[in-house]
Amino acid sequence: MTSTVRLMGVAGAPGIAVGPIWRFGATEPVLPATTSRQVPGQRPDDAIRAAAAETARQLDALAGRIRDLGREQEAAIFDAQSLMALDPTLVDDAVQRAGEAGDPADAVRAAAGAAAELLASLDDEILSARAADVRDVGARICRVLRGEVLHLPAVPSIAVSDDLPPSVTAEIPPGFLLGIALAGGSKTAHAVILARSLGIPAIVGISGLIVAVDARATPSAPPVAMAMDGERGEVIVDPGTLEAAEFRQREADLALRRADAAGLRERPTATADGERVLLVANIGTPDDAPRALAVRAEGVGLFRTEFLFMSRQTAPTETEQAEAYCRVLEAFGPERPVVIRLADIGGDKAIPYLQLAPEQNPFLGVRAIRLAYANPDLLLTQLRAIWRAGAAANVVPHVMAPMVATIADVELLMSLRDQARESLVGNGLPAAERMVTGIMVEVPSAAFLAPELARRVDFFSIGTNDLTQYILAADRGNAALAAFQDALHPAVLRAIAGVVAGADAAGIPVAVCGELAGDPAGALILVGLGVDELSADAGSLDGVRAALARVTRPQLDALARSALDASDAETVREMAGALLAPAG
Amino acid sequence: MRADEIEVRNPSGLHARPAALFVKAAARFVSKVTVQNVTTGAAPADAKSILAVMGSGAAKGHTVRLTADGPDEEQAIAVLHDLFASGLGEELEA
């Protein structure tokens, strides 16, 4: 007798699914290796070469089918895998191993494993990711050798596995994949990206999943069912009628929320009594722009530029940077301002060309604007690139500096900004007419100095993640301190209220670009405290928009007042939640 | 034997897609073709093996040395050089 099991993983792609489980990969690790099927009299090396050739043919055919569906990037993976199946290095190694060990399938698996390890050892993220492709090719050749057929789901199902290789997901007919639940994998796994593009839920890193599923699977019983919520990262193995109904209800709610959100996108973001709130997106690369525009972000409140500086041997050139910034500025146009954040880098990241000294406490160390005191070139180059991008895109660029702690920091920022423009103009190069220049308020000293800083800059943007970490002196990366990391803590909210007061006195706007801005409860508190602009991941904007549309300014004022006097973050969250709960 | 040196300009180096194109082209020649990552000092790799080519770890900015040895060596080097220069099916940055 078994019972329902509720497990948690990492949310990969949103959505709800309830259905039978299709268990991929169970036979490979669980059952003992069966003897390879050999044509009587066929030598092991001939068997391996024939199976490899057959595998290459299958992969070529798969590439063709996927290419016809317009999925060129996936098709290219299968092209490469087809070559791997025929690869002389792999096949010769397998033949040699078969001569020593006997079983051709074991030999192929060992050879593919060795080749995969070689790729995984390369100091190159993209190439080492191909290791999984080689293992997959090895598994395919083994299936051919053993005469095994890949059992694809016979009815629409939820795939359960340790990991799901692209060559398997591509074989599943459209509509037969209801969701993907993986014990391994990461949020960037191929299967998650696929799930997002298919609009089905995906959850990764579910510990205990395989054991729970396999314990319930018996050859005679019908397939085990499962319910999953890709937004919460929750799965239920073998759900009872009650749980299945609960997930069906969530599914209906989600459909309703999505329809509402789509309707709200067509109108400017505002409270129920019509007060406008500027809702913008956080982006990490120019490739994030389409997603932000699709959910009707009114601009970008935080364009992180670190992607330009990481994973490379030399510093990005001014031209390379200008092109990247220009792409984003042009995508959003003159009506939707884009705030470019100057590089937030320091001793916690290995950046070979900067030769940063290792530090005991990199988050309290020489990072971001602080680097510019000794070495201004990095920021000067970036600022010149932004001036040029503004001119090229014909918009007024917005920039902000992270880690500003003192008035001297602001003076350095302004002087570098002006120096950058002068050097361009001096060389006859085009530069934007002006640059809207703000600072991030994420260091406690900057919050205390808000009135003085506000008179010197064009806007504030509060980084609630770091502000919380610094105010509560709790390392963001330390899971043991999770209770200290809720930005709704009244101590943090009081700091935000002070920053807003300082900004109001000088007449400059205040944005929030931390995770708190994308949390519906957090958004209500922030707008209640007088924040003008919320910047969050594109996926959070619909939820924030819907929350704001349900409340009025007087309600938000009252909420903010009681939140400031609350004793802890949990109480604040309950207060905001009460405002969001459906009436009746 | 013919040889040629060329710089990798593909943004992500010789990853799966450009490597696949290169290997397919190399496999059309009878000559023995090798590719060696001069920048890292790796040993010459069989250009007809996608695993060996990807395993050479040729990243953007690295220099690779091509060699061909056999009856069609001259043509092999010419074709593979042009393929590299044209970006192996990818758009190169200016």
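Here are the numbers for this structure:
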item: Among the candidates A:Arg370, A:Arg384, A:Arg434, residue that is closer than 23 Å to A:Phe332 by Cα and either in the same structural domain as A:Ile471 (by TED's automatic domain parsing) or part of a helix (DSSP H, G or I) (or both); result: A:Arg384
item: Matching residues in segment A:44-70 - criterion: being in contact with a helix residue (DSSP H, G or I) (Cβ under 7 Å, 6 or more places away or on another chain), within 17 Å of A:Asp93 (Cβ to Cβ) and of a type in the set (A, V, I, L, M, F, W, C); result: A:Ala47, A:Ile48, A:Ala51, A:Ala52, A:Ala56
item: Count of segment A:475-489 residues which are more than 18 Å from A:Ala517 (Cβ to Cβ) and either touching a residue at least 12 places away in the same chain (Cβ under 8 Å) or not in a helix (DSSP H, G or I) (or both); result: 4
item: Single residue of segment B:33-66 satisfying the filter (among the hydrophobic types (A, V, I, L, M, F, W, C) and part of a strand (DSSP E or B)) that is nearest to the other protein chains (Cβ to nearest Cβ); result: B:Ala45
item: Qualifying residue in segment B:81-93 (condition: surrounded by fewer than 18 Cβ atoms within 10 Å (Cβ to Cβ), in contact (Cβ under 8 Å) with a residue 24 or more places away in the chain, among the acidic types (Asp, Glu) and within 9 Å of chain A (Cβ to nearest Cβ)); result: yes
item: Leading residue by the ranking (nearest to A:Leu416 (Cα to Cα)) among those in segment A:325-344 that are crowded, with 20+ Cβ neighbours inside 10 Å and among the aliphatic types (A, V, I, L, M); result: A:Leu342
item: Of the criteria (1) surrounded by fewer than 19 Cβ atoms within 10 Å (Cβ to Cβ); (2) hydrophobic (A, V, I, L, M, F, W, C); (3) over 17 Å from B:Ala19 (Cβ atoms), which one A:Ile141 fails; result: (1)
item: Check on A:Ala450, among the small types (Gly, Ala, Ser) and closer than 20 Å to A:Arg370 by Cα; result: yes
item: Subset tally (residues that are more than 23 Å from the chain's Cα centre (by Cα) and under 21 Å from A:Glu533 (Cα atoms)) for segment A:310-335; result: 3
item: Of all residues making up segment A:274-294, the number that are at pLDDT 90 or above and part of a loop (DSSP other than H, G, I, E, B); result: 3
item: Any chance B:Arg2 is more than 10 Å from chain A (Cβ to nearest Cβ) and either under 15 Å from B:Gly55 (Cβ atoms) or touching a residue at least 40 places away in the same chain (Cβ under 8 Å) (or both); result: yes
item: Count of segment A:66-85 residues which are within 11 Å of chain B (Cβ to nearest Cβ) and over 15 Å from A:Thr55 (Cα atoms); result: 4
item: Candidates A:Leu424, A:Leu364 - the one that is surrounded by fewer than 17 Cβ atoms within 10 Å (Cβ to Cβ) and not aromatic (Phe, Trp, Tyr); result: A:Leu364
item: Any hit, segment A:253-273, residues being at pLDDT below 90 and surrounded by 20 or more Cβ atoms within 10 Å (Cβ to Cβ); result: no
item: Segment A:66-88, residues that are in a helix (DSSP H, G or I) and more than 16 Å from A:Leu194 (Cα to Cα); result: A:Asp68, A:Asp79, A:Ala80, A:Gln81, A:Ser82, A:Leu83, A:Met84, A:Ala85, A:Pro88
item: Qualifying residues in segment B:22-32 (those that are surrounded by fewer than 23 Cβ atoms within 10 Å (Cβ to Cβ) and part of a helix (DSSP H, G or I)) - the one nearest to the other protein chains (Cβ to nearest Cβ); result: B:Lys24
item: Options A:Ala368, A:Ala331, A:Ala357; residue that is under 30 Å from A:Leu279 (Cα atoms), without any contact (Cβ under 8 Å) to a residue 40 or more places away in the chain and among the aliphatic types (A, V, I, L, M); result: A:Ala368
item: Where A:Glu359 falls short, out of the listed (1) crowded, with 17+ Cβ neighbours inside 10 Å; (2) in a loop (DSSP other than H, G, I, E, B); (3) acidic (Asp, Glu); result: (1)
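Results for (1) assigned to a loop (DSSP other than H, G, I, E, B); (2) touching a strand residue (DSSP E or B) at 6+ places or on another chain (Cβ under 8 Å); (3) acidic (Asp, Glu); (4) at positive phi, shown as yes or no for each residue.
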| position | (1), (2), (3), (4) |
| --- | --- |
| A:Gln96 | no, no, no, no |
| A:Ala105 | no, no, no, no |
| A:Ala110 | no, no, no, no |
| A:Gly113 | no, no, no, no |
| A:Ala116 | no, no, no, no |
| A:Asp133 | no, no, yes, no |
| A:Ala154 | yes, no, no, no |
| A:Ile180 | no, yes, no, no |
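The values are calculated or read from the model by the stated rules, or taken from the named source; none is laboratory data. None of the values given here were measured: they were computed from a predicted structure. Don't worry about glycine lacking a Cβ; one is built from the backbone with ideal geometry, like all the others, and counts go over all protein chains shown.
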